[in-house]
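Below is one structure, written out as structure tokens; the observations come after it.
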Amino acid sequence: MQQFKIQDAQNRLEALVEDAIQGKKVFIIKEDSKVVQLVPVEPVTRHAQFGSAKGLVELSDDFDAPLADFSEYTS
């Protein structure tokens with residue numbers, strides 16, 4: 001467990017963040033009492049929801065019709 005006064009923590013913030021990411025307990029103290037603990041943020045994993053875009057995408061009626069630009073290749 002590491003404890004740092006606010007001024008010391010400001011000077012070493014990048015190193016303290018790295019320590020917290022590695023799992024070390026890092027506390028910032030003010031007037032001899034713990035005020036803040038640095039902890040890494042857990043990434044939020046979101047799973048795709050089937051049908052969540054329903055009604056947001058529309059295809060034209062001729063979506064799969066041959067394109068005029070490619071008529072010379074389809075003969």
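The values are calculated or read from the model by the stated rules, or taken from the named source; none is laboratory data. Quick caveat, the model's predicted, so the values are computed rather than measured. Positions of Cβ are backbone-derived with ideal geometry, glycine not excepted, and every protein chain shown enters the neighbour counts.
Couple of notes before you dig in:
- Only listed residue being assigned to a strand (DSSP E or B), modelled with pLDDT of 90 or more and loosely packed, with under 13 Cβ neighbours inside 10 Å, chosen from GLN37, GLN10: GLN37
- Residues that are charged (D, E, K, R) and not in a loop (DSSP other than H, G, I, E, B) within the stretch 13-34 comprise GLU14, GLU18, ASP19, LYS30, LYS34, listed in sequence order.
- Any hit, the stretch 4-17, residues being of a type in the set (Phe, Trp, Tyr) and in contact with a strand residue (DSSP E or B) (Cβ under 6 Å, 6 or more places away or on another chain): yes
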